[in-house]
Amino acid sequence: MNIKITQTDQSRISEIDFNNLQFGRVFSDHMFEMVYRDGKWVDAEIKPYGPITFDPSMMALHYGQAIFEGMKAYYADDETINLFRPMDHHKRLNNSAKRLCMPEIDESVFIDALEKLLQLDYKWVPKTHGHALYIRPLMFASEEYIAATVSKEYHFYIITSPVAAYYKEGFNPVSLTTTNEYVRAAKGGTGEAKAAGNYGGSLLPAIKAQEEGYTQVLWLDAKEHKYVEEVGTMNIFFLMGDTVVTPELGGTVLPGITRRSVLALAKEWNLNVEERKITIEEVFESHENGELNEVFGAGTAAVISPVGLIHHNGKTITLDQEKIGPFAKKMFDAITGIQYGNQTDPHSWTHPVKVSSAVLS
Ligand code: COI
């Protein structure tokens, strides 16, 4: 597919304070756009980032056919930007699309759009270790029709944003609480898709958790409120003895790309790795027995975030200071080392994008 490129004549990059980046507040000069109409994707274009105009009858606004991805690009050197596992993100995007009755996108179009966008906006990729260019592909139903049915038209965008750590805590431990009042995902629902509505539904419980002084909700299963699932912004891991335990996927947990990378590295380090059901009671018992060495979350935005406290039904686990982080830190260093190209990448997780000399000049 041919991608039309219209460059901005007024870059905004000089307005950006790269020393004080937050998460997701500023957006690079260009965005990718294409439209699904009459059964095919057409009008692929990279153009200046800016507002888009739609009718209030646009179907996504009414029935929530809206999905997204979250991925990152890392500065490797002046001529190379590393995309991390873009093919895996592409697969997950298409899986989300299938669940929401939305059209899939060819891998070649997805990768071509990312590469061209990065080549144009390579200066927006932060150079500081720990910072990255967050990439947000998104798709939504754009037919103007208010019957509750499948849209015939869709828009797909890729926007990018130079970012720092997701949590204000940075690499300091976050605190989590369970809730008996709300659920994130039930079996058969959309929990394993990256559907916009999953996040919309989690906002009220997250606000309540924050009002009680916790960083985020630790979601339990919807049926029994017994099994740990995920945090909503990241997957969760427990280091019990020298076994890395994480909830199995099973349809209600987001299949995180960072999650998969953590599991692969832990196996390579000869640790026991278990993807299985894990009750919140087991987590508390493991702490009482002195076996719970570490808890941490993993996600694209969150990277690796140590957890220092878990609250559940009036009881609280506080991990000892010395138990916060050594394994999480090792995992953070290993994953970011691969992402920034400072460590060998035996799995070819990084997809280097060369900034062409034509763009550099
Ligand atoms: C990501 O980690 O990329 C996500 O999409 C999570 C989101 C809450 C920022």
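The values are calculated or read from the model by the stated rules, or taken from the named source; none is laboratory data. In this text, all values refer to a predicted model and were calculated from it rather than measured experimentally. Note that we place each Cβ from the backbone using ideal geometry, even for glycine, and neighbour counts take in every protein chain shown. We work out accessible area using only protein heavy atoms, side chains counted, and drop any ligands, DNA or RNA first. Shrake-Rupley method; radii C 1.70, N 1.55, O 1.52, S 1.80 Å.
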*Consider only pairs whose beta carbons are under 9 Å apart and that are at least six residues apart or on different chains; among these, list those whose first residue lies in the stretch 6-21 and is assigned to a helix (DSSP H, G or I) and whose second residue is open to solvent by 100 Å² or more (accessible area, probe 1.4 Å).*
13/123; 18/127
*Does the stretch 226-238 include one or more residues that are within 15 Å of the ligand (Cβ to nearest atom), in a helix (DSSP H, G or I) and surrounded by 20 or more Cβ atoms within 10 Å (Cβ to Cβ)?*
no
*asked:* Can you find a residue that is part of a strand (DSSP E or B), open to solvent by 10 Å² or more (accessible area, probe 1.4 Å), away from the ligand (no atom under 14 Å from the Cβ) and at pLDDT below 95 anywhere in the stretch 276-293?
replied: yes
*Considering the stretch 114-137 alone, what residues qualify as being over 21 Å from residue 7 (Cα atoms), surrounded by fewer than 22 Cβ atoms within 10 Å (Cβ to Cβ) and within 16 Å of the ligand (Cβ to nearest atom)?*
130, 131
*For the stretch 181-190, state whether one or more residues are more than 30 Å from residue 141 (Cβ to Cβ) and open to solvent by less than 50 Å² (accessible area, probe 1.4 Å).*
no
*Matching option when the condition is more than 15 Å from the ligand (Cβ to nearest atom) and open to solvent by 50 Å² or more (accessible area, probe 1.4 Å), among 105, 111, 146, 81*: 146
*Just a yes or no: is a residue in the stretch 178-199 at pLDDT 95 or above, within 14 Å of the ligand (Cβ to nearest atom), within 17 Å of residue 24 (Cα to Cα) and not in a strand (DSSP E or B)?*
yes
*asked:* What's the total number of residues in the stretch 79-113 that are outside any helix (DSSP H, G or I) and either out of contact with any Pro (no Cβ under 9 Å at 6 or more places or on another chain) or of a type in the set (Lys, Arg) (or both)?
replied: 9
*Would you check if residue 249 is open to solvent by 50 Å² or more (accessible area, probe 1.4 Å) and either of a type in the set (A, V, I, L, M) or over 21 Å from the mean Cα position of the chain (by Cα) (or both)?*
yes
_In the stretch 22-42, residue nearest to residue 151 (Cα to Cα) [restricted to those that are assigned to a strand (DSSP E or B) and either open to solvent by 60 Å² or more (accessible area, probe 1.4 Å) or within 16 Å of the ligand (Cβ to nearest atom) (or both)]_ = 37
